[in-house]
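The values are calculated or read from the model by the stated rules, or taken from the named source; none is laboratory data. In this text the structure is predicted, and so the values were computed from the model without any measurement. As a convention, Cβ positions derive from the backbone with ideal geometry for all residues, glycine included, and neighbour counts pool all protein chains shown. For the accessible areas, the whole protein counts, side chains as well, though only heavy atoms, and no ligand, DNA or RNA atoms are used. Shrake-Rupley method; radii C 1.70, N 1.55, O 1.52, S 1.80 Å.
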Amino acid sequence: MDLRRIGGLLVLVVTFTLIGSSSAWATNGYQLIAVGSYQKGMAGATTAAPYDAMSALTNPAGMALIGSRVDFNMEMFNPNRRADLSSFGGAANEGGSRLYGVPAIGWTAPAFNRTDVYFGGGMYGTSGLGVDYDVFNAGAFGQADIYTAIQFWKMAPTVAGRVTDRLTLGIALNADYQSVEINEAFRSITLPGAPPVVSLNLSRSPGTFGLGTTLGAMYKVSDRVDVGFAYSSQQYFQNTEYRLPSGAVTNFPQATGTATNASAGRFDLDMNFPQQWALGVAARPVDRWLVSFDLKWINWAATHDAVKLKGTFGLDTSGDGVADQTIDSISLPFGWDNQWVFAVGTQYQVTDAFAVRAGFNHAKAPIDEADVFNNLAFPAVVEDHLTLGATYRFGDHWEMSGAYKRALKNELTGKNDIPAPFQPLAGTNSNAKISMDQHSVGVQISYRF
């Protein structure tokens, strides 16, 4: 494979990324449990068990241990999302797109005319979340119109090197892209004393760019045991700029009242992506059998507990429908908590050319019953993931991998989740239900130099 072919493949991946990245992904929060078919088959337990160039994301140190290679993966992702507002006399909805493409490409090769230093990286779809419900009956809350899409992908140029026979270190520079679209509206509300319309329309996102870093280390304890550690900094983004018409934000519930943008203008959403760290242990009880464990922490609370939307808003604190204050920002109270992720994966080398994998990944959802009403548009509730995978090598260079993931259905019912301004009208418990389950299938083609 010459450089022209590699360049052509990169162009194709960029094209597929831009065409296929309308996001409805959601796993650990809205971060994929793994990128690429090898990692997916291991349920993300690869911090101490690198294999392909997707290691630039999970543990950059692994890029110095996998040899020279190019990996291209396409995952077809099928989430099933449901919002049920029958507690208000309304209906349930499962509408919207259900099949999404998630591409990724990575590569690594020796650098600086040395055999102990490698340079690589790639472009990866890593995170996303959203729903696309039909307009449906919300009972006393009128007609619900809910559409959201968060896209997140990154490039990760990486340098890694073997410091000693046992210790390997790596660093990746993360160049990120993020797009956030939110359109959540309740119209023709019949709830006594409530305004007829409540809406938050941020559906004209231009996308923003961000930066961060990932540091990684690998240590060989013995011939059969490896330990890995990786830390990814918070990914810092420019504010997402929305140019909104008047009334795009109407009677949005703040803790102290309802806010409305009465005039058109520019509004800025301040949302970064959380820092996280992972610790992994990989062991080979026998030559052909690999078992790997990962523990990961994701700091969602720092970035997704309350997200600021900056602009000029009128605030009605008395409930008479007339703004009595002017404020320069409102808070979008997602209420997300930090996550602990536990993953285990195993691989058995059936023959020199054929390997099979299985894994399990668990993380408590970053939202709970008190966050249901504020997350009708972001049902990130799945917790348990089961995975299978396999790789077959064709000769000395080519190989093909596949993986299947099943995220088991999880459902939350809202309790103590009605926003404060509406509690005198609707009580404290919405009893609304949100749920999600997922299927995904990935195919990866790799070339080993």
Residue tally, condition open to solvent by less than 70 Å² (accessible area, probe 1.4 Å), in a strand (DSSP E or B), within 28 Å of Gly207 (Cα to Cα) and in contact with a Gly (Cβ under 6 Å, 6 or more places away or on another chain), over the range 225-243 = 3
Does Gly90 meet the test of being assigned to a loop (DSSP other than H, G, I, E, B) and either at pLDDT below 95 or more than 27 Å from Leu200 (Cα to Cα) (or both)?
-> yes
Qualifying residue in the range 403-410 (condition: under 23 Å from Ala48 (Cβ atoms) and either in contact with a helix residue (DSSP H, G or I) (Cβ under 9 Å, 6 or more places away or on another chain) or open to solvent by 20 Å² or more (accessible area, probe 1.4 Å) (or both)) | yes
Consider His304 carefully, then state whether it is modelled with pLDDT of 95 or more and over 28 Å from Gly62 (Cα atoms).
-> yes
Qualifying residue in the range 318-339 (condition: aliphatic (A, V, I, L, M), open to solvent by less than 20 Å² (accessible area, probe 1.4 Å) and more than 20 Å from Thr47 (Cβ to Cβ)) | yes
Mind checking which pairs have a first residue in the range 70-81 that is touching a residue at least 12 places away in the same chain (Cβ under 8 Å) and more than 26 Å from Thr108 (Cβ to Cβ) and a second that is assigned to a strand (DSSP E or B) and open to solvent by 40 Å² or more (accessible area, probe 1.4 Å), Cβ under 7 Å, 6 or more apart or different chains?
-> Asn78/His439
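Tally time: how many residues in the range 163-188 are open to solvent by 20 Å² or more (accessible area, probe 1.4 Å) and under 23 Å from Tyr147 (Cα atoms)?
The first filter runs over the range 163-188 and keeps only residues open to solvent by 20 Å² or more (accessible area, probe 1.4 Å), leaving 163-167, 169, 171, 173, 175, 177, 181, 183-184, 187-188.
Still in the running and under 23 Å from Tyr147 (Cα atoms): 177, 181, 183-184, 187-188.
Looking only at that region, the number is 6.
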Select from the range 24-51 the residues that are in contact with a Gly (Cβ under 6 Å, 6 or more places away or on another chain) and not hydroxyl-bearing (Ser, Thr, Tyr) and list them in ascending order.
-> Ala24, Trp25, Ile33, Ala34, Lys40, Gly41, Met42, Ala43, Ala45, Ala48, Pro50
Complete set of residues in the range 416-449 that are farther than 27 Å from Asn251 by Cα, open to solvent by less than 60 Å² (accessible area, probe 1.4 Å) and either part of a loop (DSSP other than H, G, I, E, B) or basic (Lys, Arg) (or both) = Arg448
Would it be correct to say that Asn261 is open to solvent by less than 20 Å² (accessible area, probe 1.4 Å) and either more than 29 Å from Thr387 (Cα to Cα) or of a type outside the set (Phe, Trp, Tyr) (or both)?
-> yes
Answer with yes or no whether Tyr392 is open to solvent by 70 Å² or more (accessible area, probe 1.4 Å) and touching a His at 6+ places or on another chain (Cβ under 8 Å).
-> no
Subset of the range 373-400 [under 30 Å from Lys415 (Cβ atoms) and in a loop (DSSP other than H, G, I, E, B)] = Leu376, Ala377, Phe378, Pro379, Ala380, Val381, Val382, Glu383
Hits in the range 41-58 (condition: open to solvent by less than 10 Å² (accessible area, probe 1.4 Å) and either in a helix (DSSP H, G or I) or over 23 Å from Asp384 (Cα atoms) (or both)) | Gly41, Asp52, Ala53, Ser55, Ala56
From Thr214, Thr208, Thr256, which residue is crowded, with 16+ Cβ neighbours inside 10 Å, farther than 22 Å from Thr58 by Cα, touching a strand residue (DSSP E or B) at 6+ places or on another chain (Cβ under 9 Å) and β-branched (Val, Ile, Thr)?
-> Thr208
Among residues belonging to the range 294-312 that are touching a Ser or Thr at 6+ places or on another chain (Cβ under 9 Å), hydrophobic (A, V, I, L, M, F, W, C) and touching a residue at least 40 places away in the same chain (Cβ under 8 Å), point out the one that is farthest from Ala355 (Cα to Cα).
-> Leu309
crowded, with 20+ Cβ neighbours inside 10 Å, polar (S, T, N, Q) and closer than 23 Å to Thr428 by Cα: does that describe Asn251?
-> yes
In contact with a strand residue (DSSP E or B) (Cβ under 6 Å, 6 or more places away or on another chain), without any contact (Cβ under 8 Å) to a residue 12 or more places away in the chain and open to solvent by 10 Å² or more (accessible area, probe 1.4 Å), is that true of Val159?
-> no
Return yes or no: is Asn80 surrounded by fewer than 20 Cβ atoms within 10 Å (Cβ to Cβ) and either farther than 29 Å from Val281 by Cα or touching a Pro at 6+ places or on another chain (Cβ under 9 Å) (or both)?
-> yes
Scanning the range 117-132 residue by residue, the ones that are modelled with pLDDT under 95 and open to solvent by 10 Å² or more (accessible area, probe 1.4 Å) total 4
Just to be sure, is Asp287 surrounded by fewer than 18 Cβ atoms within 10 Å (Cβ to Cβ), under 30 Å from Asp316 (Cα atoms) and acidic (Asp, Glu)?
-> no
Working only within the range 340-375, note down all residues that are more than 22 Å from the chain's Cα centre (by Cα), crowded, with 17+ Cβ neighbours inside 10 Å and among the polar types (S, T, N, Q).
-> Thr346, Gln347
